[in-house]
1. State all residues of the stretch 95-129 that are among the small types (Gly, Ala, Ser), in contact (Cβ under 8 Å) with a residue 12 or more places away in the chain and either in contact with a Phe, Trp or Tyr (Cβ under 6 Å, 6 or more places away or on another chain) or within 25 Å of ARG143 (Cα to Cα) (or both); if no residue qualifies, say none.
2. Would you mind finding the one in ALA280, ALA262 that is more than 23 Å from GLN353 (Cα to Cα), outside any loop (DSSP other than H, G, I, E, B) and out of contact with any helix residue (DSSP H, G or I) (no Cβ under 6 Å at 6 or more places or on another chain)?
3. Give me a count of the residues in the stretch 179-193 that are closer than 25 Å to ASP255 by Cβ and either part of a helix (DSSP H, G or I) or among the hydrophobic types (A, V, I, L, M, F, W, C) (or both).
4. Please determine whether any residue of the stretch 229-244 is in contact with a helix residue (DSSP H, G or I) (Cβ under 7 Å, 6 or more places away or on another chain), within 18 Å of ALA280 (Cβ to Cβ) and modelled with pLDDT under 85.
5. Please enumerate the residues belonging to the stretch 265-279 that are open to solvent by less than 30 Å² (accessible area, probe 1.4 Å) and either free of Cβ contacts under 8 Å to residues at least 12 places away in the same chain or touching a Leu at 6+ places or on another chain (Cβ under 8 Å) (or both).
6. Kindly indicate whether LEU97 is surrounded by 15 or more Cβ atoms within 10 Å (Cβ to Cβ), of a type in the set (A, V, I, L, M) and under 30 Å from TRP19 (Cβ atoms).
7. Specify the residue that is farthest from ASN291 (Cα to Cα); the eligible residues are those in the stretch 325-336 that are assigned to a loop (DSSP other than H, G, I, E, B) and over 48 Å from the mean Cα position of the chain (by Cα).
Amino acid sequence: MIARVLRGIVTLVGVLAGWSLGVVMLGFNFLGGGELGRFMPFWGHLILVLTCAAVGGAVAFLLAPPLFRAVYRAAGALEQRLSATPIADLVAGALGLLVGLAVAFMLSFLANDLPVFWLSVVVKLSIYMLLGMLGMRLAVRRRSELMDYFAALRRREQERAAQAEGQKPPADKVLDTSAIIDGRIFDVVRAGFVDGRLSVPDFVLQELRHIADSPDPLRRQRGRRGLEMLENIRQELPARVHVVRRERRMGEEVDAALCRIAREEGGCVVTTDYNLNKMAGVQGVRVLNVNELAGAMRQRLLPGEQFTVQILREGREKEQGLAYLDDGTMIVIEGGRPYIGMRRQVEVTSLLQTAAGQMVFVKLV
């Protein structure tokens, strides 16, 4: 139905174009002897105009289907091209095009003084095309800096609004690949202990997808687990998770880019990576280390405290047994080897803090 209506509109346009052509033909200078219409009676005028209108309508009617197909193909190709283009490139290109056209509009007045009209038109069109294309290409190439600028403006606006209300806005939490794969930060967010948004830079997503496509089965499993956990938290809390369309600068490493984004956004980096933790600390960027959080949340035991554990396996020393708390803390049980697989009441005798965590030494009660 829509195709028929469009074809009818194109046919009507062809009729009007043919009618206009016939009227123009009547005003042509015929062999230097005056206008063509003077040599024809009124019915001749009418026949010429109607013939031109009929021919124009017939041509438009016949050309409408291939014209529509060409337009559909061009629109489909343009849609595919735009769908494959990142939104940051589209926004930057549109802004650059507008700026280039605005500059071209101001410079085009210089061509009004040219003595030849057609030369003035050509110069104006060249200025618009050149500056419009130049502005679009420059904006796309410098899109990262543009995004940084607009992000800084948005952050300042949020800070002013928060100051007006007497509140401090919660800082964004910039996640790195290790924190996403680890996944414990998502449980902390679900529990409500972390405020603010979870920011995931797009280059971190690319690195995570690369890990998920790794030929190593273990790395592939870790990468896919990270993607699944990130997708789950995005579905559960869509307002809390957003992807930051920011790119790394030339020669910039992933850790350095994360620290830069956190510093520019006024947020903090969430990681389990020891090297990133140290780098961020040197640069003055706040860090939320999930391992440190887990260590701070471990159960605190004191000498003389009694509790029940299940002895799982034998220890390194003779007659020792090993057990674990829910947070992974190792329990060394003196004389517990004969009771492997059983639950026994134990009493804390001493504690040992190591780089890997805390070890608790107990005895049977």
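1. First, the residues of the stretch 95-129 that are among the small types (Gly, Ala, Ser): 96, 100, 102, 104, 108, 111, 120, 126.
Subset that is in contact (Cβ under 8 Å) with a residue 12 or more places away in the chain: 96, 100, 104, 108, 111.
Hits for the stretch 95-129 are GLY96, GLY100, ALA104.
2. Details: ALA280 fails: out of contact with any helix residue (DSSP H, G or I) (no Cβ under 6 Å at 6 or more places or on another chain).
Just a single option satisfies the conditions, and that option is ALA262.
3. If we filter the stretch 179-193 for residues that are closer than 25 Å to ASP255 by Cβ, which is where we start, we get 179-189.
Those left that are additionally either part of a helix (DSSP H, G or I) or among the hydrophobic types (A, V, I, L, M, F, W, C) (or both): 179-182, 184-189.
Count: 10.
4. yes
5. Within the stretch 265-279, CYS268, VAL269, VAL270, THR271, LEU276 qualify.
6. Working: surrounded by 15 or more Cβ atoms within 10 Å (Cβ to Cβ): yes; of a type in the set (A, V, I, L, M): yes; under 30 Å from TRP19 (Cβ atoms): no.
Taking the combined requirement at face value, the residue does not satisfy it.
7. Just the residues of the stretch 325-336 that are assigned to a loop (DSSP other than H, G, I, E, B), to begin with: 325-329, 335-336.
Going one step further and asking which of them are over 48 Å from the mean Cα position of the chain (by Cα), we end up with 335-336.
Values: GLY335: 32, GLY336: 30 Å.
Out of the qualifying residues, it is GLY335.
Yes or no, residue by residue, for (1) of a type in the set (Lys, Arg); (2) in a strand (DSSP E or B); (3) open to solvent by 30 Å² or more (accessible area, probe 1.4 Å):
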{"residue": "LEU301", "(1), (2), (3)": "no, no, no"}
{"residue": "THR308", "(1), (2), (3)": "no, yes, yes"}
{"residue": "ALA323", "(1), (2), (3)": "no, yes, no"}
{"residue": "PRO338", "(1), (2), (3)": "no, no, yes"}
{"residue": "GLN345", "(1), (2), (3)": "no, yes, yes"}
{"residue": "GLN353", "(1), (2), (3)": "no, yes, yes"}
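The values are calculated or read from the model by the stated rules, or taken from the named source; none is laboratory data. As the structure is a computational prediction, the values presented were derived from the model and not from experiment. Neighbour counts run over all protein chains shown; Cβ positions are idealised from the backbone, glycine included. For the accessible areas, the whole protein counts, side chains as well, though only heavy atoms, and no ligand, DNA or RNA atoms are used. Shrake-Rupley method; radii C 1.70, N 1.55, O 1.52, S 1.80 Å.
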